[in-house]
Structures are given as C-alpha cells and as structure tokens.
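Novice: Input: one structure, supplied below.
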Amino acid sequence: MNRLFTRSNATKSHAPFGRAAWLIVLAVCLMIPSLSGCGQVTPLNYVDETEAWEKLRREGYIALTAKNYSQAEKLYGDALVQSKKFVDSDLRRATSLSELADVLVAEKRFGQAERLYSQSLPLYEHLFQPGHFDYENGLCGENLSRVLSSLANIYRQDGRYLQAESAYARALAILKGVEGSVKERRRVASEYASMLRSLNRSAQAAELEHFHDPIDDLID
C-alpha cells in the first residue's frame, strides 16, 4: 500500500511542528475510514481500485464455475490489468496471474497457463514467510502450494516427471509449515501419489495415500 506518512519519520523530519499539532493530525487520520494501520493512510482512489479488482474476480469466478470460459478469461484478464495499478510485489498481482492460469487450464491451454503460473510463483515466494502463522501468511502459503501443484500437473501431463516430482515435494514441504492446511495437503499428496503409481512406484505412492496428518516423515 502507498505509505503517505509515518509518525516516526514525520517526527524526525518535522520536529518543530509540535506535539499538539501531531495529535490533531493523528485524530483526523483516525476519523478517515481508509486508514490502514501503523500510520499508513490508504487514498480513496486506492480503495476504489481494490473494489474494482475484487468485483472482476467475483464475476470471473462466477463465469468460471458456469464453464463460461471465454467470459471468465476476459474478466480475470481485466483483473490482471487492474492489479498492475498496485505495487509489483502486491499479492493481488500473483493472485490475478494464477487465477487467469486456472482458466487457461480449464481450456486445456497448458503452455499459456504454465507461463502465468511461473510468473506468479516468485511473487508468492517473495511474500510467503515460513514460520509465520498468521492467517494472511497461511493463505499465501496455500496459494503458493496450489501454484506449485498446478505446475506439477502440467509437467506430469507433458511427461516432465522429474520437474513434476520436485514441484509436488515443494508444495508439500510448504504446507507442512501452514496451520490448518490438512485438506490441501491431502489433495496434493493424492495427486503426487497418482503420478507415482503411474510410474510403477507403488510403495512410495502407498505412503502418500495413507496420509494421516501429518506426512512429515515423507517430506523431511
């Protein structure tokens, strides 16, 4: 988010402004609905842009679930354009890239989907902080894992099994550090096991298929 001012920085650069004046500024800021914590103020146009992005995503999801792929692609594409109004490292950029890739997978346009997933991957990796157990970081970890497993599925379909296995293993390793991710871990483990069975590696597949919670021994 755009940082307009912080109390610490402002106090250092404008010390003569006076304590009473800063208390007045702080009081006014607290009355602004767009205040975004820790001395950050979110401009109203930024809020409007966020709402526009979220609206495009909602409509894109409705179109995707209705299998109206051309409309979903347009809406998610517009959401991606909208996300470029935020900073490059904003989670919305990664989200838009991966959601548009999901549509392309549904349309069996795997090469294009792979490129978008690959673009979103370093953004999620930059944002995810292993060992931090807050909700937003956990959600970012799950999204990172989902992109990796989606890439693994594309690699598998293309016969790139070593890349697929690496991506599945990374996805599981990331989910290991995300609280409340049991359902997602089971999904990834099931997909990984399916590939292993297709490669006649039944013993390893069976370990994954007997996933209880956790599967730490398999991914340590």
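Novice: Between Thr65 and Asp48, what length in nm is gained on full extension when 0.36 nm per residue of separation is reduced by their alpha carbon distance?
Specialist: The Thr65-Asp48 span can extend by a further 3.5 nm.
Novice: A further question follows. For the range 86-95, in order, what is each residue's ³J(HN,Hα) by Karplus, 6.51 cos²θ - 1.76 cosθ + 1.60 with θ = phi - 60°, in whole Hz (x at glycine and Pro)?
Specialist: Once θ is set to phi - 60°, the couplings for the range 86-95 become 9, 5, 4, 8, 5, 4, 5, 5, 4, 4 Hz.
Novice: How far apart, in nanometres, would the label points at Gln129 and Val182 be if each is projected 7 angstrom from Cα along the Cα-to-Cβ direction?
Specialist: 2.7
Values in this text are rule-based calculations from the coordinates and carry no lab data. Just so it is clear, the structure is predicted and the values come from calculations on it, not from any experiment. Cβ coordinates were reconstructed from backbone atoms using ideal geometry, including for glycine residues, and neighbour counts include every protein chain displayed.
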